[in-house]
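Let me begin by presenting the structure, written as structure tokens, before commenting on it.
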Amino acid sequence: MRGIVICAFGTLCGVGVAAQSAPMLTLEQAVQEALARNDQILNQHDATEQATLGVRLARNTFQPKVTPNVLGSFGQTNVNSQNYRIDVSQKFVSGTEIRLGAGTSTAQIPAIVGEPSSDIRFYNADTTLTLSQPLLRGLGPGVARRGLSSAELRRTDAGRQQALVEQQVTLAVASAYYHIVGQQALVDVARQSLERARRLREASEARLDAGLVSQLDVLRAQQLVTQAEIQFFDAESAADDARDRLRSLVGRDMSTPFNVATDIPRPGQEHVEADAAVAIALPNRLDLKSLVASGADAERQVSFAKNQLLPQFDVNVAYTRRQTADSFVHSFGVDRFQLATFFTIAMPVDRTPQLVDYQNALIERDRRKREIATLQRRIADDVKHAIRERDRLVRGLAAAENSVDIARKEVEVAQLRYERGLSNNLDVVTAEGNLLGAQSRRIQVLADSAVAGLSLRAVLGILNPRNLELGISNLECGTSSVEYGPRSRE
């Protein structure tokens, strides 16, 4: 038995030393680790990179295109239908397109049967520089770069979505972090309550032996110890669950030990009126910015669909040289070029697809406008609710601290009366329960207040995960915007 006790004591000491040696994790460090390793943020970062690649692909439309096309050989093997050609094209955002093609192909005329002459071989050379300019359908940057504009909108929106995800993860990390701090405080409170309950049980048993109290007092004290043990074990289990939750959010291994700061910051003294807060939120909320950008894109889609209703009328200017040559080298030259102009006119009789696209674009534009107005009203409601919630928690914290002071004095008075024999331990048991409840409420309200401060900044759109110290008073004018663009994986 002595060996078992020594081993158990050594194990507890080892656990205590390990807990003390665990590295300290601050809230800022936890947020930074989550920004670097959280699965949700990494997935959104991948989406942002894909949107960036989409912009790269759309811009490639306006890059020079060089296409060589060779099928054949040189020398005496220049049989019929061999091609040697290179095409270069360049498209501009105005709709203008320039194409340059230079090439030659082999051909032959078979010899007449019965005559000794050999086949006649020659080259068909074609070098043409063409300029094409649409005058109606396809004219202007709004039409020609429609795909690029949509890709840039998706990339910008992906950056805003990444910032929103970072804010959401920051709030989740802060909530889990302060939940750990609160549960640790509850563990300490429950431990102190358990110690007081055990002392009360020992005192009740001693007074029972002296004949000063009844057996009922001892039973009450034993029941209080049992309840305190249950509350202590529940607080420890909740603290472990909160640690696992934070490990999952920051991307740490579940077996990695860490400690957190034991203090919870009190609510700040900064105050902002509801109307001023709404004025801050409207220009800074990223979801509203995304919706406004979508509304502008809907306007551009209306213009694009309207342009597609016009007939196609393109003017083309060609500078061409088409000759036959007796050798490959003579197929290319700078003489005998001719200037030619021609027009392309096309107008479908049935324009139902274009009309339907135009009507859909109008409907989508009007829907976006309604969504913007609805979101603005919802933002105003969310901001007012967040301010009321913060003020309620501040008032609740003051009331909870006052309740703790009263409950602590009640325990002292009940303990003193019990020691002097003026009452039984029922008052002590009741006072202990009230004190534990008041302390638990105070810790919970304090943790909720800390999270509510961050939530208010997130509702206002000014929460910067990389600078949690930034307060509302720094942006009370409502002109600053907290926004994050795409970040490279490095």
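A few comments on the model shown:
- Listed by first and then second residue, the pairs linking a residue in the range 185-211 that is more than 15 Å from T430 (Cα to Cα) and not assigned by TED's automatic domain parsing to the domain that holds A228 to a residue that is of a type in the set (A, V, I, L, M) and outside any helix (DSSP H, G or I), with Cβ atoms under 8 Å apart and 6 or more places separating them unless they lie on different chains, form an empty list.
- Scanning the range 277-317 for residues that are of a type in the set (F, W, Y) and not in a helix (DSSP H, G or I) turns up just one, F313.
- Hits in the range 256-282 - residues which are free of Cβ contacts under 8 Å to residues at least 12 places away in the same chain and more than 16 Å from I180 (Cα to Cα): Q269, H271, E273, D275
- In the range 442-463 there is at least one residue matching the filter, namely being among the basic types (K, R) and surrounded by 18 or more Cβ atoms within 10 Å (Cβ to Cβ).
- Taking the listed residues V302, V349, V250, V334, the one that is in contact with an Asp or Glu (Cβ under 6 Å, 6 or more places away or on another chain) and not polar (S, T, N, Q) is V250, with no other qualifying.
- Filtered residues of the range 193-230 (kept if closer than 13 Å to Q415 by Cβ, under 57 Å from the mean Cα position of the chain (by Cα) and aliphatic (A, V, I, L, M)): A197, L200, A221, L224
- Scanning the range 363-390 for residues that are under 30 Å from V302 (Cβ atoms) and either over 23 Å from the mean Cα position of the chain (by Cα) or of a type in the set (K, R) (or both) yields I363, E364, R365, D366, R367, R368, K369, R370, A373, R377, R378.
- If the condition is being within 28 Å of I109 (Cβ to Cβ) and either touching a Phe, Trp or Tyr at 6+ places or on another chain (Cβ under 6 Å) or basic (K, R) (or both), then the range 313-325 contributes R321, R322, T324, A325.
- Scanning the range 339-368 for residues that are farther than 30 Å from N316 by Cα, surrounded by 15 or more Cβ atoms within 10 Å (Cβ to Cβ) and among the charged types (D, E, K, R) yields a count of 3.
- Taken as a whole, the structure places F304 among residues that are aromatic (F, W, Y), out of contact with any Phe, Trp or Tyr (no Cβ under 9 Å at 6 or more places or on another chain), surrounded by 15 or more Cβ atoms within 10 Å (Cβ to Cβ) and in contact (Cβ under 8 Å) with a residue 60 or more places away in the chain.
- Residue match in the range 318-339 (condition: over 24 Å from L164 (Cβ atoms), assigned by TED's automatic domain parsing to the domain that holds F122, aromatic (F, W, Y) and in a strand (DSSP E or B)): yes
- The residues on offer are R408, R390, R395, and the sole one that is assigned to a helix (DSSP H, G or I) and buried (at least 16 other Cβ atoms within 10 Å of the Cβ) is R390.
- Which listed residue is modelled with pLDDT of 90 or more and among the hydrophobic types (A, V, I, L, M, F, W, C), from A235, A242, A296, A261: A296
Results for (1) crowded, with 17+ Cβ neighbours inside 10 Å; (2) part of a loop (DSSP other than H, G, I, E, B), shown as yes or no for each residue.
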| residue | (1), (2) |
| --- | --- |
| V225 | yes, no |
| A228 | yes, no |
| F233 | no, no |
| S237 | no, no |
| D241 | no, no |
| L246 | yes, no |
| T256 | no, yes |
| D275 | no, no |
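- Which numbered condition A36 misses (of (1) modelled with pLDDT of 90 or more; (2) at positive phi): (2)
- Matching residues, the range 264-274, being among the charged types (D, E, K, R) and at pLDDT below 75: E270
- Counting the residues of the range 318-329 that are in contact with a strand residue (DSSP E or B) (Cβ under 9 Å, 6 or more places away or on another chain), surrounded by fewer than 14 Cβ atoms within 10 Å (Cβ to Cβ) and either modelled with pLDDT under 85 or more than 18 Å from I120 (Cβ to Cβ) (or both) gives 3.
The values are calculated or read from the model by the stated rules, or taken from the named source; none is laboratory data. Quick caveat, the model's predicted, so the values are computed rather than measured. Virtual Cβ from ideal backbone geometry, glycine too; neighbours counted across all protein chains shown.
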